[in-house]
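First comes the structure, then the notes that go with it.
Laboratory data are not the source of any read-out in this text; all were calculated from the coordinates shown. Quick caveat, the model's predicted, so the values are computed rather than measured. FYI the Cβ positions are ideal-geometry reconstructions off the backbone, even for glycines, and counts take in every protein chain you see.
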Amino acid sequence: MTETVRCARCGAPLGKDDVAMTRKMINRGTDTFFCVPCLADHFELTEEVLREKIREFKAMGCTLFS
Ligand SMILES: [Zn+2]
């Protein structure tokens, strides 16, 4: 059974990238997750910047994104 993970702020259902990015940006051990738009807002970045970082982390082979 897979539990749907939702953004702690806006309630949006989260994908693997959102979860991985929350771990990367906040804390690897966190059990509170945020969607990319809410993470961007929290860190005062644009969503595009975070999406670009996700691409970079994947290209680097970051294990959080595998
Ligand atoms: Zn959100």
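What Kirkwood radius, in Å to one decimal, follows from the Cα pairs of the chain?
Details: mean 1/r = 0.0839 Å⁻¹.
11.9 Å is the Kirkwood radius here.
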>> Give me the one-decimal nm value for the distance between modelled label points at T63 and D31, 7 Å along each residue's Cα-to-Cβ direction.
In response: 2.1
> With θ set to phi - 60° and the Karplus curve 6.51 cos²θ - 1.76 cosθ + 1.60, what are the ³J(HN,Hα) couplings of the range 31-36 in order, to the nearest whole Hz, using x for Gly and Pro?
Replying inline: 10, 10, 10, 10, 6, 4
> Between E56 and D41, what is the spin-label point distance in nm, taking each point 7 Å from the Cα along the Cα→C-beta axis?
Replying inline: 2.4
>> Explain nothing, just compute: Karplus ³J(HN,Hα) = 6.51 cos²θ - 1.76 cosθ + 1.60, θ = phi - 60°, for every residue of the range 52-59 in order, whole Hz, x for Gly and Pro.
In response: 5, 4, 4, 4, 5, 4, 5, 5
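Could you tell me the relative contact order of the chain? Use alpha-carbon pairs under 8 Å, at least six residues apart, and round to a whole percent.
Values: 65 pairs, mean separation 18.6, N = 66.
In percent, rounded to a whole number, it is 28.
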> Given H placed on each backbone N at 1.01 Å, which residues far from F34 in sequence or on other chains put an amide H within less than 5 Å of it?
Replying inline: A8, T22
> Each residue of the range 37-44 in order: what ³J(HN,Hα) in whole Hz does its phi give by Karplus 6.51 cos²θ - 1.76 cosθ + 1.60, θ = phi - 60°, with x for Gly and Pro?
Replying inline: x, 6, 4, 4, 5, 4, 8, 6
